[in-house]
Amino acid sequence: MPTAEGEMSTHAKRSPTPGTTPAYRRVVVKLSGESLSGPDDFGIHAETIQGIAREVKDVHDMGVQVAIMVGGGNIFRGTRQGDLGIDRATGDYMGMLATVINGLALQDALEKAGCNTRLLSAIEMHQVAEPFIRRRATRHLEKDRVVIFAAGTGNPYFSTDTAAALRAMEIKADVILKATRVDGIYDADPEKVAGAKKFERITYIDVLQRGLSVMDSTAISLCMDNKMPIVVFNMGVAGNLKRVVLGDTVGSTVTAS
């Protein structure tokens with residue numbers, strides 16, 4: 001029977017697609033705002049966000065519970081407030097609002113791709129999103145809804161990387177999937193340095209000691225303290241998200257050892 005919200009109650013008991021065995025039951029995908037701009041320097045690129053929605057739908061159809069933390073750098077980066085003469089905290093709040101815009105766009109694309117979704121914001125704005133409540137977020141996942149987290153942690157001085165790590169702990173995710181433009185973690189920027197070495201596996205401590213640009217140090221430390229694995233991969237390659245979820249060797253993995 002349909003639920004009170006018009007969705008089928010059988011969704012909570014959905015089975016994985018035959019012939020697939022996901023390595024993870026519940027994942028948090030960290031999407032940067034820049035990943036939504038595609039080939040453009042600014043804004044939201046329609047074909048890119050539609051492609052991301054299809055990738056998420058493929059994973060969702062496998063029976064995996066998917067939560068997404070979205071950034072806002074394609075609209076406004078809090079780190080730019082110095083150039084504009086804006087107070088750091090104010091700039092960070094502006095960046096949080098940018099993530100809500102991206103969250104709404106992603107929600108629309110996912111709904112059109114056939115996913116039931118919920119947008120949860122760390123800053124209350126009832127007309128466009130639900131407030132983030134840990135138990136509510138978990139229940140949405142159990143009811144077969146893709147959950148989109150917006151507005152970071154709701155506090156200035158914390159990045160959406162840290163917010164992704166925090167939400168992953170709160171909802172008891174199995175892994176954080178960090179979507180980037182390169183195919184893993186390197187000892188130097190592979191887009192600038194020829195012959196940069198790629199790490200298939202690396203520890204949290206090595207990431208921190210080497211100062212590698214995986215996630216910010218606060219996010220890495222939080223994951224290390226709670227033994228939350230991170231997989232860094234190239235979201236621009238079609239099918240990569242599905243391959244990661246199936247446990248294939250894709251990108252780079254950050255663990256305790």
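The values are calculated or read from the model by the stated rules, or taken from the named source; none is laboratory data. Just so we're clear, the structure is a prediction, and the values are computed from it rather than from any experiment. Cβ coordinates were reconstructed from backbone atoms using ideal geometry, including for glycine residues, and neighbour counts include every protein chain displayed. Each accessible area value is taken on the protein alone, full model and side chains, heavy atoms only, with ligands, DNA and RNA left out. Shrake-Rupley method; radii C 1.70, N 1.55, O 1.52, S 1.80 Å.
Quick notes on this structure:
- Amide hydrogen neighbours beyond the local backbone of residue 30, cut-off 5 Å, H modeled: 69, 177, 178, 179
- Over the stretch 164-257 - Rg/Rh using Cα atoms and the Kirkwood inverse-distance radius: 0.95
- When only the Cβ of Lys, Arg, Asp and Glu is charged (+1, +1, -1, -1), the dipole of the stretch 194-257 relative to its Cα centre reaches about 180 debye.
- Remark on the stretch 26-89: Rg and Dmax equal 14.7, 47 Å (Cα only).
- Cα shape, the stretch 105-180, gyration tensor, a/c 1.5 rule: rounded
- Across q = 0.12, 0.13, 0.21 Å⁻¹, the stretch 92-231 modelled as identical point scatterers on its alpha-carbon atoms has Debye log10 I(q)/I(0) values of -0.55, -0.64, -1.29, in the order of the q list.
- Label-to-label distance, nm, for residues given as residue 41 and residue 136 (7 Å Cα→Cβ offset): 4.0 nm
- Other residues lying with their Cβ under 11 Å from the Cβ of residue 251 contribute a combined charge of +1, Lys and Arg counting +1, Asp and Glu -1.
- Within the accessible area of the chain (1.4 Å probe), percent carbon and sulfur: 50 percent
- Estimated vicinal HN-Hα couplings, Hz - the stretch 135-147 in sequence order (Karplus 6.51, -1.76, 1.60; Gly, Pro = x): 5, 5, 4, 5, 5, 4, 4, 5, 8, 6, 10, 6, 9
- Karplus 3J(HN,Hα) series, Hz, for the stretch 163-174 with 6.51 cos²θ - 1.76 cosθ + 1.60 (x for Gly, Pro): 4, 4, 5, 4, 5, 4, 5, 5, 8, 6, 6, 8
- Rule-of-thumb Rg ratio for the chain [Cα; 2.2 N^0.38 Å; N residues]: 0.97
- Using θ = phi - 60° and Karplus 6.51 cos²θ - 1.76 cosθ + 1.60, couplings along the stretch 202-216 (whole Hz; Gly, Pro as x): 8, 8, 4, 4, 5, 4, 5, 5, 7, x, 6, 7, 9, 9, 5
- DSSP beta bridges in the stretch 91-204 [antiparallel fraction, %, rounded to 5]: 20 percent
- 181, 136, 25, reordered so the largest accessible area comes first (probe 1.4 Å): 181, 25, 136
- The order of the peptides 203-211, 58-66, 248-256 by mean Cβ neighbours within 10 Å, most packed first, is 58-66, 248-256, 203-211.
- Sum of side-chain charges, residue 113 neighbourhood, beta-carbon under 12 Å (Lys, Arg +1; Asp, Glu -1): -2
- Amide H to amide H distances under 5 Å link residue 154 with no residue, where only residues 5 or more positions off or on other chains count and H is placed in the peptide plane.
- For the listed peptides 94-100, 241-247, a ranking on the average number of other beta carbons within 10 Å per residue, highest first, reads 94-100, 241-247.
- Taking Lys and Arg as +1 and Asp and Glu as -1, the other residues whose beta-carbon sits under 11 Å from that of residue 38 total -3.
- Over the chain: helical MRE at 222 nm, DSSP H runs n ≥ 4 each giving -39500 (n - 2.57), nearest 500: -10000 deg cm²/dmol
- Residues with amide H under 5 Å from that of residue 246, placed H, sequence gap 5 or more: 23
- Pairwise label distance in nanometres, residue 198 with residue 255, each label 7 Å out on the Cα-Cβ vector: 1.9 nm
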